[in-house]
Amino acid sequence: MTKKLLLIDAMGLIFRAYYAMIKSPRYTTKGLNTSAALGFTNSLYEVLKNEKPTHVAVAFDTGAPTFRHIEYEHYKENREATPDDIVQSVPYIKRILDAFRIRMVGIDGYEADDLVGALAKHAEIEGFEVLMLTSDKDYGQLVSDHIKMYRPGKFGQPAEILGVQEICGKYKIERPEQLIDML
């Protein structure tokens, strides 16, 4: 049996889910916006059902300053604050992940995407096939013969799996690592 690891950048998927439903948000009778939790769970369920990973981890930012903040004091200084509806959704999403018995990881000093990248490369060395659930084009630099991007479907379209050929073709490059220079 092939070992298959699914890695998810939690906040990337949470933001995507929230904004995908921004025009028709879902609320509880007590006024809690559940759009992010619903969209996150739907995407999670879809990839689990379709790809059947043997291992799953969801990476969260811890909120602690990262090495980037230390090296560059203005890092993300102009980024808008996270909407309260998203902040309120995170504990519920963590409860959903607990119910699925999915491992959550986070390390002070590193962003979730740093963890996903490191875990993907280490898992590849250990013989895993790796799927990174993300829409973030930066992850394309990590793609290899055994590491692929899994982009959830949107607007009724099916999910996409992007490997070396797809990344190189899309950006007209020879190797995925060249995305580092492009982006």
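Worth pointing out:
- Members of segment 111-121 that are over 12 Å from Leu7 (Cα atoms) and not charged (D, E, K, R): none
- Test result for Tyr92, open to solvent by 30 Å² or more (accessible area, probe 1.4 Å) and modelled with pLDDT of 95 or more: yes
Residues are listed down the side, and each one gets a yes or a no for (1) in contact with a strand residue (DSSP E or B) (Cβ under 8 Å, 6 or more places away or on another chain); (2) not basic (Lys, Arg):
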{"site": "Lys121", "(1), (2)": "yes, no"}
{"site": "Asp136", "(1), (2)": "yes, yes"}
{"site": "Lys148", "(1), (2)": "yes, no"}
{"site": "Lys154", "(1), (2)": "no, no"}
{"site": "Glu174", "(1), (2)": "no, yes"}
{"site": "Met182", "(1), (2)": "no, yes"}
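- Among the residues of segment 106-123, those that are at pLDDT 95 or above and either out of contact with any Leu (no Cβ under 9 Å at 6 or more places or on another chain) or surrounded by fewer than 16 Cβ atoms within 10 Å (Cβ to Cβ) (or both) comprise Ala118, Lys121, His122.
- So Ile70, is it modelled with pLDDT of 90 or more and either among the hydroxyl-bearing types (Ser, Thr, Tyr) or not in a loop (DSSP other than H, G, I, E, B) (or both): no
- Residue among Arg79, Arg103 that alone is open to solvent by 60 Å² or more (accessible area, probe 1.4 Å), over 19 Å from Leu6 (Cβ atoms) and basic (Lys, Arg): Arg79
- Search result, residues across segment 33-66 that are modelled with pLDDT of 95 or more, on the phi < 0 side of the Ramachandran plot, assigned to a loop (DSSP other than H, G, I, E, B) and surrounded by fewer than 16 Cβ atoms within 10 Å (Cβ to Cβ): Thr54
- Only one of Tyr171, Tyr150, Tyr110 that is of a type in the set (Ser, Thr, Tyr) and under 17 Å from Phe15 (Cβ atoms): Tyr150
- Scanning segment 1-32 for residues that are aliphatic (A, V, I, L, M), open to solvent by 60 Å² or more (accessible area, probe 1.4 Å) and within 21 Å of Pro53 (Cα to Cα) returns a single hit, Met1.
- Listed by first and then second residue, the pairs linking a residue in segment 127-153 that is farther than 14 Å from Glu166 by Cβ and open to solvent by less than 10 Å² (accessible area, probe 1.4 Å) to a residue that is of a type in the set (Val, Ile, Thr) and part of a strand (DSSP E or B), with Cβ atoms under 7 Å apart and 6 or more places separating them unless they lie on different chains, are Val130/Ile147; Leu133/Ile8.
The values are calculated or read from the model by the stated rules, or taken from the named source; none is laboratory data. Note that the structure is a prediction, hence the values are computed from the model and not measured. All Cβ positions, even for glycine, are placed from backbone atoms using ideal geometry, and neighbour counts span all protein chains on display. Quick note on the areas: whole protein, heavy atoms, side chains included, nothing else; ligands and nucleic acids left out. Shrake-Rupley method; radii C 1.70, N 1.55, O 1.52, S 1.80 Å.
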